Every structure is written in C-alpha cells, then in structure tokens.
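The values are calculated or read from the model by the stated rules, or taken from the named source; none is laboratory data. What you see is a predicted model, and the numbers here were worked out from it, not measured in a lab. Cβ atoms come from the backbone with ideal geometry, glycine included; neighbour counts cover every protein chain shown. Surface areas here come from the heavy atoms of the whole protein model, side chains and all, with no ligands, DNA or RNA. Shrake-Rupley method; radii C 1.70, N 1.55, O 1.52, S 1.80 Å.
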Amino acid sequence: MQILKGIPVAAGIAIARPFLLEREGLYCPLRRSLSDAEVERDVTAFKEAIAKTAAGIRRTKEKLERRVGKGHGAILDAHLMILKDPLFVGETIAQSRREHVNVGWAFYQTMQKFAQLVASVGDAYLRERTNDVEDVGWQVLKNLTGSDKRTLDNLKEPVVVIADDLTPSETSDIPRDRVVGFATLTGSRTSHTAIIAQALEIPALVGVAALRDVAVGEGLVILDGTGGVLILDPDEATLEEYRRRQRMSVQRRKDLRKLAVLKTETSDGHVVSLFANLELPIEVPAALKGGAEGIGLFRTEFLFLNRDTIPDEDEQYQWYRKVVEQMAPRPVVIRTLDVGGDKFLKSAGEAREMNPFLGLRGIRLSLAHRDLFRAQLRAILRASVYGKVEVMFPLISSVEEFRQARGAFEDAMVELRSERAKFDETIPVGAMIETPSAAIVADLLAKEAKFFSIGSNDLIQYAIAVDRGNQGASYLYQPLHPAILRLMRMVIDMAHAAGIEVTVCGEIAADPLAGALLLGLGVDALSVSPVSLIEAKRLIRSTSYVEARTVAQEALTLPTAQTVREVVLSRLGSRVAAAS
C-alpha cells in the first residue's frame, strides 16, 4: 500500500481500478508496471517510433536542402546521430526490461539524463546541443504515445483516471458514469480543471507529484478528494474504512440536498440572499442544484486567457448568453474583465510588470484598451435580452474611475440603440470594493453605483499589504483581521445609508467563521462557489441574526484575528465548527 499526497479540489471518495490516460503529445508519461509480454510489445512500439522519427528528420533534411541548397541539411545529421546513440536507445530498452516499466517512462528518464550529460560539458557549443536532444526526444515521445493512445471511450467498468494533466475540455468530456474520480500530477486549486471537477461533482486531486516516481499497478486505488490522498493497492482494513466513509459522505450529501429548496434565512427569520460564483457555463447546473438564487459573480477571464487572440464581441455574447438563459429569471452579475497581477493577458499584448498587483489590472486595463472594453460591454448588453443581467467593474479605486467605466458602458448603449439592437435599458451597474481607497470613499461611490460587491480576496491583500501567494508572508493573510472587519462594516453601513445592497463574493463568504460575522455585520448577500452553497445555507439557517450581530459587535472591538476566532467559536460553537 502506498499513500500519495495531493491537493484536494473536489470533495468525495472514489474507489476503483486506475486508468492511466496517455494522450498524443504527452511528453512526460506516467510510470506503469508491465508484464514481460507487455514490455516486449512496448519495446517494439519504441523501435517503430525511433524509425518513424528518423524518417521524419530525413524528410525535413531533404526539404531544407531543396529550398536553400545542398549542405544546409547537415545540421539535422546531429539529430539522426542522437537516435543511434546506445545510451539514448539501448539504455531505455534495458531499463524497461530491468524494471518491468513502460518504455515511454523509461525513455523520458533517459532523455533527461542524456540532456543533463550534454549540458554539463565544458564546451559552450556542445552545451547548446541540449536543445537538439530535447527536440529529438519530444518527437520520439509524440510518435510513441500517439501510436496506441488509450482513451476513455470504451471503458467497461468504473475507473479513477490518472494523468499528467487534464485540459478543461478533456475534464468536461469525461464520461461521468464510468469515471468516478481523477488525479493529476500538475494543477492547482484555482485551475479551470479543478473548477470543472467541482461542477461535475467528480472527486479529484491535482498536484500529486509522487505519481511520477511510483508504479501504478492494476489493483484498486482510493482517491480521497476531501482529505487530499491517493492510496495505491490499499489493504483490506483501509479499504473497508474508506468504504464506510464513502457511504457516510453520500448520505450527508443527500441530507444537505434537502436544504437547497428551503429559504435562505436565519433561525429568527432574517432573510439573506445566497448566490453562486461562476467562471464557466458548465457550472450552472451545479449552482441551480445547490439552490443558488442567482449568480453573484460571473468571472469573464476564462475566454481571454491562454490564447493568442482576443475573443470578439460575438464569441463573448454567446458565452454570456448561455449563462443568462440558463439562470433566467434569476439575476446574473457579470464582472468585466479582471486580469493582471496573477493572471497575465497575453492576447492584449501587455508586457509583464515589475509590480503587477499595483499595476495595470482590473478596470484599469479595460480603460487602457477601449476597443477591448467596448466589445465586452456590447456583448454583455446584447446578452441581457435573455434574462436579468447586472454588471460590475473590478478594482475600482476612485469615483472618477467608476465614472469613466460607467461612461464607457453608456456609450455602448448609445451605439446599440443607433443600430436598433435590443438590450435591457435598466441594467444596474455596480462597483467592486477591493481597494482600501474604495472602502474609505464608499459613501461617495454609493451615490454613483447601484450596488456594491466586496471582493474580499483582494481587499484583504491590499489592506494588509500581503501577497497571499507568497509562502513566506502568507501567515499574514488573515480574513478575520480587525482591520478587514472594520473596513467591511464601514462599507456595509455606508451602502445601506445610501439605500443600496452589498454582496460579499470572496473566499471569506464560504468560511463558516467569517460567514457568521458577515451575517452580523449586516451583509445583504453572500456569493460562494457552487460546492459551498449548501453548507453556507446550513450555516445561515442554524444561526440567530440577533446573536450574530452581538458577536460581530464584540469582534469589532478585539485586537487580533486569533481573539476574533476564539470569540466566534465560543459564542456560536458547534454551528460554525461543524461547517469548518
């Protein structure tokens, strides 16, 4: 039995046989245990891949010499020599036979050793040949893994998929009736693959780095998407314990589902709205199943990232329309493009900045790229015909900035009217409160905006001056910091004085301790990820609003985040502890 640790991204327990997914172009194959016969079949395929690669290089050489003349193809002779090197080929086959592992994995290890050997040579010219080694290696691997790639199309039994990585499209195409969980070597909690796994309710782990160095056999595996472990070949006692946990998890989920249709109100009748944060249209069914009363934050960045061109107006319109139509008549709050800092927008041609979190990001980037902003605003307006749409601008830092953004929105409306295009003339326009400056002038912004949405992730980061992704300083990232509670109380009070509502849509909204305090501070709505909806509703329905207000008032007088935590736990006890 082997226990591997990973990053849990979608809760639940999956127990099944593993399925190692190898895709065309997979440069880092997983290690698999093979029988003698399977090794020999792999060796034959490897030799064929070597021959295919050599033939391709020769064709490239001939083409080059036809274009630029004889002799110029000699540069590719070095590639052909690499394919004949005993270490490059012979050692790969020897390792595969010696360790009874797949040739793809053995070849990748050999390729790394060969490249390191070349790189360590004192001669600068020879060191540069490392690229030649890698280039040839990638070609061989592509020919090898593409020749007999395994797919999920013909599965006959439930499996846990194990792969180097899964793209969002691959994840969304997973046959849910046959794939009960998946684990990948790479990935993060906020990756699009993780988001889709949550939406499809597939237990999942990412970042299981140890998969690179272990042999995955044919025995059962246990994937714990809550505890963050992948167990290979579990013993009977472990297997029985996890089967018991699996039964309990399924029953708990069924019990919680009953809350989805109930009102979101405290035990003493105070009503609070509960919305979902979404990034992809595929998440809508999970939001509806969880009882979301609308979308409090629809992020629009997915369409813009990891591509060489900016999506045009029609592509964006179709994307927004999908979500708006599915949620109708529930409201959908669409946040305009929020990139920069931790998200680099390659398609906008922006150079990397020395301090991106304080640079051209959020609404600043949109205002600096008016054509991009105009296309997005027009797309949002056109989608408003199909449901109830609201729009909000990210990272507002001043009244002037909000006015500029709203002015661009009004210009887009004028254009569409002149074209006789239909859209909702009464769309509310709101501001995200994510900077200390916006919080301080919230009374002035409240005269301009129709609603506020507190983006707690950035507000905490900017107010405490801490990068939450910096491991050395991450301990300072404290959602219950007294300064954060006071800033949010100030924003809520100023908004209510002006007659507008406030939603909190950052990670703090899904935290049980913070959620109880937000109730007490008087927030009008919470917006959380679809998987957190039912737990958030359970917390709200089990908490007294009067009691929450009392606890919040006391918390505002306390000096540290730790004392705030202790007071909330002591006053509200089991209700928040059960959800923690």
Next on the checklist: So for the range 558-566 (the condition being crowded, with 24+ Cβ neighbours inside 10 Å and touching a Phe, Trp or Tyr at 6+ places or on another chain (Cβ under 8 Å)), does at least one residue qualify?
Outcome noted: no
Checklist entry - Checking Lys47 against (1) at pLDDT 85 or above; (2) buried (at least 16 other Cβ atoms within 10 Å of the Cβ); (3) part of a helix (DSSP H, G or I); (4) not aromatic (Phe, Trp, Tyr), which test does it fail? => result (2)
Next on the checklist: Looking only at the range 412-425, filter to residues that are farther than 13 Å from Ala379 by Cα and outside any loop (DSSP other than H, G, I, E, B); which one of those is most open to solvent (accessible area, probe 1.4 Å)?
Outcome noted: Arg417
Item to check | Selected residue (only one of Leu223, Leu232, Leu297 is open to solvent by less than 10 Å² (accessible area, probe 1.4 Å), modelled with pLDDT of 95 or more and more than 30 Å from Ala379 (Cα to Cα)) | outcome: Leu223
Checklist entry - Residue check: is Ala292 in contact with a Pro (Cβ under 9 Å, 6 or more places away or on another chain), outside any loop (DSSP other than H, G, I, E, B) and among the small types (Gly, Ala, Ser)? => result no
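Here is a yes/no grid of residues against (1) touching a helix residue (DSSP H, G or I) at 6+ places or on another chain (Cβ under 9 Å); (2) not in a helix (DSSP H, G or I):
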residue: Ile427; (1), (2): yes, yes
residue: Lys447; (1), (2): yes, yes
residue: Phe452; (1), (2): yes, yes
residue: Asp458; (1), (2): yes, no
residue: Ala463; (1), (2): yes, no
residue: Gly472; (1), (2): no, yes
residue: Asp493; (1), (2): yes, no
residue: Ala509; (1), (2): yes, no
Item to check | Counted residues, the range 250-270 - those being surrounded by fewer than 17 Cβ atoms within 10 Å (Cβ to Cβ) and assigned to a helix (DSSP H, G or I) | outcome: 11
Checklist entry - Among the numbered criteria (1) under 23 Å from Asp338 (Cβ atoms); (2) open to solvent by 20 Å² or more (accessible area, probe 1.4 Å); (3) under 21 Å from the mean Cα position of the chain (by Cα); (4) modelled with pLDDT of 90 or more, which single criterion is violated by Ser273? => result (3)
Checklist outcome for this item: For the range 1-32, the count of residues that are assigned to a strand (DSSP E or B) and either at pLDDT 90 or above or touching a His at 6+ places or on another chain (Cβ under 9 Å) (or both) equals 12
